[in-house]
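Here, each number is a calculation from the coordinates, and none is a lab measurement. Since we're looking at a predicted model, the values are computed, not measured. Positions of Cβ are backbone-derived with ideal geometry, glycine not excepted, and every protein chain shown enters the neighbour counts.
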Amino acid sequence: MSLDPDRDLVMACQADPPEGLEGGFRDLYEQYKDRVYNTCYRITGNSADALDAAQETFGILFRKIDGFRFESRFSSWVYRIAVNASIDLKRRASNRTLASLDATRTDEAGVERGGAPLEDEDAESPMACASRHELEEEIQEAILRLSPKMRAITVLRYIEGLSYDQISEALQVSLGTVKSRLARAHQALDRELTPVLDKHYLT
């Protein structure tokens with residue numbers, strides 16, 4: 001394996017474990033916070049659960065980083081923890097009431113949904129902005145209707161931009177499994193999104 005680009009940062013954290021979020025751990029957090037949150041958001045589907053899963057991810061990273069031995073890329077380990085934390089959280093939350101689910105949607109008034117802010121949003125007309133947000137939400141809902149395993153692999157490939165090899169390493173599955181799950185996800189999303197895209201772009 002080629003030299004891990006995060007090796008120096010990880011080794012700094014291992015050499016000087018802090019009492020809190022400081023030093024190397026602060027640098028590590030700043031480097032990965034957006035990627036972790038975006039992954040968690042796409043898998044859980046709302047910002048409240050994404051924040052909980054992201055917090056759990058960093059908690060695990062900070063507790064277990066001393067045992068990391070570069071047998072995989074550090075980034076792959078981070079994604080693996082984030083995916084597992086998100087899926088586990090959704091499983092634990094499967095019996096939530098509709099009222100609590102509705103409450104999480106109030107984040108739309110003041111919390112960024114879906115990760116990084118979109119540039120030049122103020123330049124859009126209200127109709128175009130509303131249409132774009134509606135399309136983003138429908139795509140996100142289609143992703144959430146995938147099985148957890150296909151959802152995770154879709155997020156890593158198309159939201160985070162990981163290669164097949166990186167996904168294989170992050171999820172600890174074979175390349176054949178990566179390709180098979182992505183193919184099934186493509187078929188499911190094609191069925192879900194074809195009428196949605198027709199509605200937005202052909203009307």
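Counting neighbouring Cβ atoms within 10 Å and putting the fewest first, the residues 4, 49, 66 line up as 66, 4, 49.
The Cα trace of region 1-96 gives Rg and Dmax of 13.7, 44 Å, the first to one decimal, the second as a whole number. Could you compute the FRET efficiency for residue 187 and residue 27, with r as their C-beta to C-beta distance and R0 at 45 Å, rounded to 0.05? In this case the efficiency is close to 0.60. What distance in nm separates the two pseudo spin-label positions at residue 14 and residue 173, each 7 Å out from Cα along the beta-carbon direction? Output for this residue pair reads 2.9 nm. Using the Cβ of residue 52 as centre and a radius below 11 Å, the other residues enclosed give a net charge of -1, where K and R count +1 and D and E count -1.
This ranking places 136, 71, 192 by how few other beta-carbon atoms lie within 10 Å of each, fewest first, which gives 71, 136, 192. Here 3, 144, 162 are placed in order of increasing Cβ neighbour count within 10 Å, fewest first, which gives 3, 144, 162.
Approximating the spin labels as points 7 Å out from Cα along Cα→Cβ, the residue 145-to-residue 66 distance works out to 4.8 nm.
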